[in-house]
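The values are calculated or read from the model by the stated rules, or taken from the named source; none is laboratory data. Note that this is a predicted model, so its numbers are computed, not measured. Glycine also receives a Cβ, built like all others from the backbone with ideal geometry; neighbour counts cover every protein chain displayed.
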Amino acid sequence: MNEIDDLIEASSIEQLKIIIEKAQDSIEQKKAGEIAAIQKQMVEMARRVDMAPEDVLNFSGRKRRPGKPKYRNPNDPEKTWTGRGKPPRWLKEMEDPESCRIPE
């Protein structure tokens, strides 16, 4: 047995409860200290790229621009399709989908 095992074995229930409470307090203090250190590092690292830490966490890397519409629904001109992804139902149902192509 090591020292901790000996201490636990020799302690009463009340003493063990006190040890548990002090250990939990110690864990919370150490956690708070580590979190503060991590926050400081995050701020410093974010500053290197001229960003706030929360902006770094939310950064997706690649900004996707909306595509230019290549097809327009003749029955509802508000509905368009860029040619990316799955074709919309209205285009699939067209006899000649190319007739909906927007001239460039």
Practice item. Please enumerate the residues belonging to segment 1-35 that are within 30 Å of Gly61 (Cα to Cα) and surrounded by fewer than 10 Cβ atoms within 10 Å (Cβ to Cβ). Key: none
Practice item. Consider Lys22 carefully, then state whether it is within 22 Å of the chain's Cα centre (by Cα) and not assigned by TED's automatic domain parsing to the domain that holds Glu95. Key: no
Review point. Would you pick out the residues in segment 51-104 that are among the hydroxyl-bearing types (Ser, Thr, Tyr) and surrounded by 10 or more Cβ atoms within 10 Å (Cβ to Cβ)?
Key: Tyr71, Thr80, Thr82
Practice item. Can you give me the number of residues within segment 24-71 that are in contact (Cβ under 8 Å) with a residue 12 or more places away in the chain and aliphatic (A, V, I, L, M)? Key: 2
Check your understanding: Within segment 20-65, how many residues turn out to be assigned to a helix (DSSP H, G or I) and touching a helix residue (DSSP H, G or I) at 6+ places or on another chain (Cβ under 8 Å)?
Key -> 8
Study note, to complete from the structure: Scanning segment 38-50 residue by residue, those surrounded by 10 or more Cβ atoms within 10 Å (Cβ to Cβ) and either touching a strand residue (DSSP E or B) at 6+ places or on another chain (Cβ under 7 Å) or among the hydrophobic types (A, V, I, L, M, F, W, C) (or both) turn out to be Ile38, Met42, Val43, Met45, Ala46
